[in-house]
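A short write-up of the structure that comes next.
The values are calculated or read from the model by the stated rules, or taken from the named source; none is laboratory data. It should be emphasised that the depicted structure is a prediction, and the values quoted were computed from it without experimental measurement. Cβ coordinates were reconstructed from backbone atoms using ideal geometry, including for glycine residues, and neighbour counts include every protein chain displayed.
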Amino acid sequence: MSKPFTDAVVRLDFYISHTLGLSRKEAKMLIGKGHVNVNGELVKKANHSVTREDTIVCQEEELSWPAEKYFVLNKPAGFVCATEDDVHPVVLELIEAHEQKDLRVVGRLDLDTTGLLLLTTDGQWLHRITSPKSQCPKQYRVWTVDDVTDEAMQALQEGVMLNGEHAPTQADAVERVDCDEILLTISEGKYHQVKRMLAATGNRVEKLHRETIASLSIDDLAEGEYRALTDEEIALF
């Protein structure tokens with residue numbers, strides 16, 4: 001899969017390939033045969049550097065880079081957060097085919113975990129959300145096998161030791177919903193973090209659902225549905 005045009009400079013053959021849906025070989029042939037102009041000048045070198053500001057014309061058609069895409073999806077259980085998988089269906093299958101090109105999943109939800117999932121073509125935006133430095137809060141609704149004790153609630157808030165970690169991991173917030181149901185907010189993104197945190201208290205997660213990332217929620221989406229983010233929502237990250 002080609003990367004989105006987030007870099008300041010790309011090769012001309014990459015640009016032609018991506019905007020016209022051609023192979024790199026086909027793009028190089030078009031360039032080599034003199035069918036491409038950059039800023040009014042004929043260019044026959046595939047490795048010629050171009051930017052977003054350049055005017056690129058191929059066979060008398062002015063090309064433009066596709067706009068970045070930003071989607072929020074209410075992920076059902078049973079779907080893998082990947083672009084392809086040999087065993088399970090992938091979340092991209094829930095997106096209309098014409099929208100799937102270059103989409104990447106922002107972070108991951110386990111196969112059995114449901115809820116809010118972001119997808120985008122914008123690599124820089126993706127990195128801002130997933131980088132440990134971003135401290136982006138994510139709230140999960142957690143159903144447990146055993147009741148969550150007051151001691152466990154306190155431990156989650158103050159910090160628990162996870163296997164393989166050298167320092168305690170703590171929640172941003174913990175709220176009791178029922179004896180076996182809590183709302184847990186975390187800002188880190190460690191592997192299987194919520195499940196490991198509950199395991200550290202002697203409990204097990206029975207069901208896990210991500211409700212929010214920052215102030216973004218999926219209250220308006222049925223399971224399996226998705227929608228484009230608004231400009232205001234994109235600007236949250």
Subject >> Residue match in the range 54-66 (condition: within 23 Å of residue 234 (Cβ to Cβ) and crowded, with 18+ Cβ neighbours inside 10 Å) >> reply: no
Original post:
Is there a residue being out of contact with any Gly (no Cβ under 9 Å at 6 or more places or on another chain), without any contact (Cβ under 8 Å) to a residue 12 or more places away in the chain and in the same structural domain as residue 199 (by TED's automatic domain parsing) anywhere in the range 102-116?
Top reply: no
Subject >> Total residues in the range 52-91, condition in contact with a Gly (Cβ under 9 Å, 6 or more places away or on another chain) and modelled with pLDDT under 90 >> reply: 0
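Yes or no, residue by residue, for (1) in the same structural domain as residue 116 (by TED's automatic domain parsing); (2) over 23 Å from residue 116 (Cα atoms); (3) of a type outside the set (A, V, I, L, M):
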{"position": "148", "(1), (2), (3)": "yes, yes, no"}
{"position": "159", "(1), (2), (3)": "yes, yes, yes"}
{"position": "182", "(1), (2), (3)": "yes, no, no"}
{"position": "190", "(1), (2), (3)": "yes, no, yes"}
{"position": "211", "(1), (2), (3)": "yes, no, yes"}
**OP:** Starting from residues that are farther than 17 Å from residue 75 by Cα and buried (at least 18 other Cβ atoms within 10 Å of the Cβ), keep the ones in the range 199-232 and report whichever is nearest to the chain's Cα centre (by Cα).
**Re:** 205
**OP:** Please note which helices (runs of 4 or more DSSP H) are completely contained in the range 126-237 and include at least 3 residues that are closer than 19 Å to residue 109 by Cβ and modelled with pLDDT of 95 or more.
**Re:** 193-200
Subject >> Of residues in the range 92-105 being part of a helix (DSSP H, G or I) and surrounded by fewer than 16 Cβ atoms within 10 Å (Cβ to Cβ), the one modelled with the lowest pLDDT >> reply: 98
**OP:** Determine, yes or no, whether residue 153 is touching a helix residue (DSSP H, G or I) at 6+ places or on another chain (Cβ under 8 Å), free of Cβ contacts under 8 Å to residues at least 60 places away in the same chain and outside the structural domain of residue 20 (by TED's automatic domain parsing).
**Re:** no
